[in-house]
Structures are given as structure tokens and as C-alpha cells.
1. Could you work out [θ]222 nm for the chain from helices alone, using -39500 (n - 2.57) per DSSP H run of at least four and dividing by all its residues? Round to the nearest 500 deg cm²/dmol.
2. Assign one of three labels to segment 369-497, namely rounded, prolate or oblate, based on the Cα gyration tensor with a ≥ b ≥ c the square roots of its eigenvalues; rounded applies when a/c is under 1.5, prolate when it is not and a/b is larger than b/c, and oblate otherwise.
3. Across segment 224-301, how large is the tail of the calculated P(r) beyond 20 Å, expressed as a percent of all Cα pairs?
4. Give the Rg (one decimal place) followed by the Dmax (whole number) of segment 502-541, computed from C-alpha coordinates and expressed in Å.
5. Quick one: in segment 514-566, what % of C-alpha pairs are over 15 Å apart?
6. Quick one: pull the percent of accessible area on segment 466-568 belonging to carbon and sulfur, 1.4 Å probe, ligands and nucleic acids left out.
7. Taking the Cβ of Phe495 as the centre, find all other residues whose Cβ is under 14 Å away and add up their charges (Lys, Arg: +1; Asp, Glu: -1).
8. Please tell me which of these pairs span more than 19 angstrom C-alpha to C-alpha: Lys250/Lys636; Lys90/Lys539; Lys250/Lys622; Lys50/Lys135?
Amino acid sequence: MFQKRPIFKNRKTYIFSSAMALLIGTSVALRSQTASQTNGTRARTLIHGKVDESKLVTLAGNTRPEATAENDLGAVSDDLTLDHMMLQLKRSPQQEQAVEQLVAELHNPQSPSFHKWLTASDFGKNYGLAESDVKAVTSWLEAQGFVVNSVYPNGMLIDFSGNAGQVRRGFHTTIHHLSVDGVQHIANFSDPQIPEALGPAVAGVVSLHDFMPHKMSRAQYTFSSNRQTVQALVPADLATIYDFNPLFAKGTTGSGQTIAVLEDTDLYQRSDWVTFRSTLGLSQYTTGTLTAQHPASSGINNCSPPGVNGDDSEAALDAEWASAAAPGAAIVVAACADTATFGGFIAMQNLVNGSNPPAIVSLSYGMCEVENGVSSNASINALYQQAVAEGISVFVSAGDEGAASCDSGASTALHGITVSSWASTPYNVAVGGTDFSDVLNGATGKYWNLTTSTAATYYGSALSYIPEIPWNSSCAGALFANYMGYSTAYGSGGFCSSVSGQAQANLNVEAASGGPSNCATGAPSIAGVASGSCAGYAKPSWQAGLSGIPSDGVRDIPDVSMFAAVNSFTNHFAIVCYSDEENGGTPCTGAPSNWIGFGGTSLATPIMAGIQALVNQSAGGKQGNPNPVYYALAAKVPSVFHTITQGDIDVDCAGPYNCYGILGTVDYGRNGRIFGTTWGGALSASNSTFSSAYAAGGSYSLATGIGSVDAFNLVTNWSKGQQ
């Protein structure tokens with residue numbers, strides 16, 4: 001087995017593993033199963049003629065930027081097992097257009113197809129590849145020595161296993177050991193190639209490396225370990241600030257609805273969720289439940305229990321705050337172990353292609369479009385597309401890196417403006433993050449009860465809605481800089497270049513994310529930078545009609561935002577019961593002042609998923625992609641959303657890409673790392689003048705989307721967005 005290690009401190013350990021003898025022993029039986037899964041009316045055949053191994057086509061844009069000579073430790077052994085790889089298929093342009101039209105009609109109240117959601121089987125029969133094409137591809141894989149574990153019912157995805165030698169011979173690329181900042185990885189060292197004849201039907205291998213996504217949560221100090229005055233969010237505060245209480249009072253709690261939070265880890269212990277609910281006033285909603293699930297695939301199962309691996313803080317946060325927003329809903333922690341594919345996506349593929357998919361899914365991980373690669377981007381888009389065709393609402397964290405998603409976890413942005421491909425498709429709600437403005441405006445006493453909250457009030461202290469600003473913990477945030485007495489964040493005399501201990505502590509790429517899709521397709525010419533043939537997703541028809549929406553022709557994110565602050569100058573964060581002390585948790589004993597706090601768009605996303613459960617309960621069923629209704633309501637009923645006009649999501653930067661105000665010469669050093677602390681730039685849409693990336697304002701902004709949600713007004717006005 002090969003031990004994979006994380007590149008960022010908040011990433012985990014993964015293992016490629018399989019019992020190849022078992023796989024080989026069952027491959028014959030699977031051939032007949034493969035055929036049965038792909039029956040039905042399909043598109044016209046795309047693969048014609050003989051598959052000639054001497055005539056190849058390159059699948060460009062599928063090599064990690066870290067796969068360089070500088071990081072190379074040599075090729076892996078040919079017998080290194082690569083278990084449960086995914087081959088993403090692709091439709092003809094005509095058939096893809098038909099699917100897009102189908103999705104539009106399913107969400108159009110004037111269409112006879114409105115809300116006539118498909119099953120996975122129906123989707124595959126009508127919109128999967130022709131059976132002959134699937135057979136041609138699976139036969140080719142088997143001829144290369146791979147084992148076809150299963151073909152998904154959607155007729156668009158093949159799960160297969162093999163080893164590095166088979167990858168080298170079949171896809172004409174070698175897998176190498178890499179050392180990236182002292183961390184060991186494996187990755188293909190060049191773009192894969194396949195026979196030209198298969199090109200019209202194959203998008204590519206979803207992943208041939210072990211670089212996994214980063215979670216979108218950020219841990220925070222507890223009340224007791226920090227001597228500053230803080231205001232920490234508990235469920236009672238959420239209900240007051242965002243107007244949940246009138247819904248709860250009339251029984252709209254998410255009862256009868258299921259929210260799946262997608263993970264690559266198991267929960268540390270279920271009792272944390274129970275304690276969270278009992279201590280913070282949610283156990284009174286008796287229909288609320290929590291279950292763990294490892295959703296199985298057809299054929300050889302690809303969903304192994306991941307165990308507790310350090311990402312369990314993410315699972316705790318997601319489960320608890322989805323329950324805070326929808327206390328009567330059934331919460332399912334759907335988790336699979338990572339293989340060559342992120343475990344959360346394995347779980348989602350298996351759920352979406354199963355017989356009883358959830359109505360709502362929440363995903364709090366991400367990776368930038370440039371690094372994720374063309375094939376993986378295509379696979380995510382196809383997965384979410386199928387989900388909304390089945391009526392599933394997909395909520396995804398926009399990110400915690402401002403508009404610099406390729407620089408997650410870094411101290412400064414080097415790669416310019418990028419967004420997370422996990423959030424940028426036209427089929428998901430991209431959830432951004434806000435903070436409260438009470439500290440900034442010296443009005444804490446106006447919005448919070450400053451006396452000690454008690455168990456009798458479930459520790460809630462918020463008095464009303466609190467005006468919001470974008471969440472931003474970087475020294476490059478204009479509001480932060482101004483609050484600290486600086487007129488600008490960048491350049492000589494700017495906050496980021498000051499010797500202030502506060503500035504030095506906040507030299508980071510940490511803010512709610514937003515921006516234009518700019519590398520969902522195409523191959524970058526500069527590693528990690530949206531360049532070359534990179535292009536974004538086309539702007540969806542529903543992303544229109546509001547001031548502030550850029551006329552850029554591409555999908556912009558986020559769509560909506562909710563509270564996500566942590567590590568910022570306002571000292572706000574949210575309480576979580578997470579007792580895994582080995583991974584940074586604390587015992588959940590006594591009042592929540594002894595518990596740990598979190599933030600990030602990982603918090604905002606399950607909250608929005610919970611709000612959708614309230615919508616679904618009120619509306620009487622699945623709603624598919626909520627975005628068409630959101631944008632329509634923003635134009636028709638302004639009280640549904642809180643418009644955010646102050647602040648930005650700008651982060652500090654250095655380098656030639658989308659960066660303004662750098663001081664002196666920057667030494668990039670090994671692997672692009674910066675040496676020295678005087679760069680002082682701020683991410684900008686222009687290098688020649690400062691144009692913040694990005695500022696709040698208007699009915700829509702790339703900082704906070706159409707704003708945060710008044711839950712009561714959203715639920716009660718939902719039908720107006722469908723008129």
C-alpha cells in the first residue's frame with residue numbers, strides 16, 4: 001500500500017488499496033452486470049471504427065501543477081495499486097444541449113415538465129451514452145488489464161481499478177512520487193492519452209493523483225482561552241438573527257426532510273451531536289435525527305468506512321449546524337474513504353445514482369478550478385447536473401480564500417484570481433460568508449445582550465438581525481485596515497506592510513470566497529494560474545436581473561451568504577460540540593463557553609441546506625436547484641435577502657497576477673514560496689490600479705452574492721419566485 005500525506009495542515013492521510021486477486025476473480029461476472037446497467041434508449045453512437053493504440057489524443061489540462069522536475073522523486077513501482085479510479089464519459093454537444101434543456105424545463109413553472117424529477121435509471125436511459133459506446137470503453141479498459149468494477153446507472157461514469165503499470169501502458173503517463181514542501185504525494189507526470197477513436201465519448205480520468213480537497217472550516221479559540229470580548233453564535237442566535245423563530249413556532253422545522261452532509265470521515269462520536277442539541281435547545285424538536293451512512297455502489301462496492309481521520313471536525317460542524325437550521329430534519333452523515341477519488345464525491349455519486357437519494361446535500365470542501373483539472377471539473381459538473389435533474393438541491397461552500405482559491409492555506413496569494421470548481425457549476429448553490437458589523441460600528445450593545453446568557457435561554461444573546469459585512473480575516477480587507485487606523489491595506493504605509501503584530505498575524509489568504517469562473521474548461525499555460533485555454537462556465541440564464549451582476553459572460557459566485565466569521569477582528573465565531581481532543585477538539589462539558597468554536601463557509605453551507613429543508617417541507621417536495629427562485633425573489637421581494645454594502649473579501653498577495661501595491665522585489669524561492677514579509681500587495685482585478693477583488697455593494701456582489709437570507713421571508717415567499 002502507498003501512504004499518501006497531506007499538502008496543507010488541514011488535509012488528511014489517504015491510502016490507495018485493493019485486493020487485486022478479488023477484483024480479477026469477479027471481473028467476468030461484472031461484464032454481464034455492466035451490460036444490464038446500460039440498457040435503455042440512448043444517444044447515437046459516438047465511437048466508430050477500430051480502436052488503434054497508435055493513434056492517440058491527449059486529455060489536456062489534467063496534470064497537477066506540483067508535478068515538476070523540482071518535486072520529482074521518481075516513478076512509482078508498476079505494481080502500486082490504484083483502486084476505484086473513475087472514468088468520466090461525455091455526451092455529444094447535441095445530447096449535452098438536450099440535458100441542459102431538460103434541467104431548464106424541470107425548473108420552469110410554465111413548462112409541462114416542471115418538477116417532474118427523473119430517477120437515476122431514467123436519467124441514464126435517456127441521457128447516458130449509447131450502450132455500444134459504454135461497451136467499447138469498458139472493453140478497452142479490460143484489454144489494458146484494468147478491472148471494471150461498475151458502470152453507474154447514469155451511463156456516464158465507470159469505476160475501475162488497476163495499478164501504475166497499467167496506467168502507464170493504457171493512458172501513456174507515469175505516476176511519480178513527489179515531495180511538495182516536504183510532504184509526500186503521487187501524481188501523473190503528464191497529461192493522459194487515450195486512443196483517438198475513444199475521444200468523442202471520454203472526458204478523462206477524474207483523478208490520477210492523491211491531492212485531496214481542503215475543508216472549508218476554520219477552528220477558533222474557546223471563550224475561556226481567549227481574554228478578548230467575544231460574541232459567539234449558538235442556534236438560538238441563528239434563529240433570532242435570521243428570522244427562523246416564526247417558522248419553528250408554526251411547525252416548519254424540516255420535519256420529514258433529509259439532508260445529507262458529504263464527508264470523507266466518520267463522526268468522532270454521535271453523542272457530540274446529541275449534546276449540541278440538548279444543551280442548545282434543539283432536542284425539543286423530536287423528529288430530528290442523525291444517522292451515519294456509507295452509501296454503497298453497484299458492482300464491487302467503492303465506499304469503505306473512512307473512520308475518524310482528522311476531518312471529523314468538519315463532519316461535526318456540518319451535522320450540528322444543519323440541525324440548528326432544520327432541527328426537525330433527518331441529518332445523514334454520508335461518508336466514504338478516499339481512493340483516487342475524494343470520498344465525499346464517492347458518497348454523492350452513490351446516493352445520486354441510488355434508489356432513494358436525499359432531497360438536499362451539503363458539501364464543505366473545495367479545490368480551485370485550475371488545479372482540479374479538466375476531467376475532474378467535468379465530473380463534478382455532470383454529478384451536480386444529474387442531481388438537480390432528480391430534484392436534489394446541492395449546496396457547496398464557495399471557499400475560505402477570498403478570490404484566490406488556488407492559494408488556500410497560504411500566507412499570501414501568488415496565483416491570481418481563481419474560484420473553487422466544486423462551487424462554480426451552474427447546478428449548485430455556492431454559499432459565501434459574512435460577519436456581523438456590530439464591532440466595526442461600535443454597536444455591540446445594540447444587537448447583543450451583554451449580560452451572561454444562561455441555560456434557560458439556551459445561551460442565546462442576539463437581540464435582532466445584525467447588519468453584515470463580508471467575512472474577511474486578511475490584513476488586506478479594507479474594513480480591517482481602516483479599523484486598525486490605516487487608510488489602505490496595500491503598498492507603502494498600508495496595513496499589510498506594517499510592523500503591527502496584528503497585521504503580521506493576519507498575513508493570510510483567509511476570507512469568504514467569490515469571483516468569476518475562469519478555468520472550468522481548458523488547460524492553463526502557467527501552473528496554478530487561470531491562463532492558456534482556460535475558460536469559465538457560461539453564465540446561467542437565471543443569474544441576471546440584479547444590479548451588480550457582472551457582464552462577464554461567465555458563472556459568478558457566490559449566490560448567497562450566511563454567517564461564517566472566524567479569526568477576524570470582530571471576534572465572532574460559532575459554537576460546535578467537537579470532543580476529539582487528538583484533533584483539536586475539547587470536551588463538551590458545562591456551558592458552551594468551554595467548547596470549541598468554528599467558522600468558514602463550512603458553517604454557512606449546512607445552514608443554507610437546513611433552510612432548504614424548511615422550504616421543502618413548506619412547499620411539499622423537492623425543489624431541485626434553488627438558484628432560479630433565489631434570483632427571481634431578489635428582484636421581486638427584496639425583504640427575502642439582506643443586501644450587504646460594506647467591506648470586501650480582498651486578501652494579501654504578491655506576484656504578477658492580479659496583485660496591486662507590492663513593495664520591492666519578491667523572491668519566490670522553491671515551489672513558489674515567498675521569502676521575506678514586505679510584499680504588501682492586495683488582490684486586485686487590475687495590476688495597474690487598485691480594483692478590489694472583490695467588494696460588496698449593489699443587489700449582487702462577488703463578495704456576498706445576493707446577500708444573506710431572512711428564513712421566514714424566504715419560505716413564505718418561495719412560490720412567488722416560481723411565478
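1. -7000 deg cm²/dmol
2. Oblate, because a/c is 1.5 or more while a/b does not exceed b/c.
3. Tail fraction, whole percent: 53.
4. Cα only, segment 502-541: 14.6, 44 Å (Rg, Dmax).
5. 55 percent
6. Accessible surface attributable to carbon and sulfur in segment 466-568 totals 55 percent.
7. -3
8. Lys250/Lys636; Lys90/Lys539; Lys250/Lys622
The values are calculated or read from the model by the stated rules, or taken from the named source; none is laboratory data. Everything numeric here is computed off the predicted structure, so don't read it as measured data. Heads up, the Cβs are rebuilt from the backbone with ideal geometry, glycines too, and the neighbour counts pull from every protein chain shown. Protein only, heavy atoms only, side chains kept; ligands, DNA and RNA dropped before computing areas. Shrake-Rupley method; radii C 1.70, N 1.55, O 1.52, S 1.80 Å.
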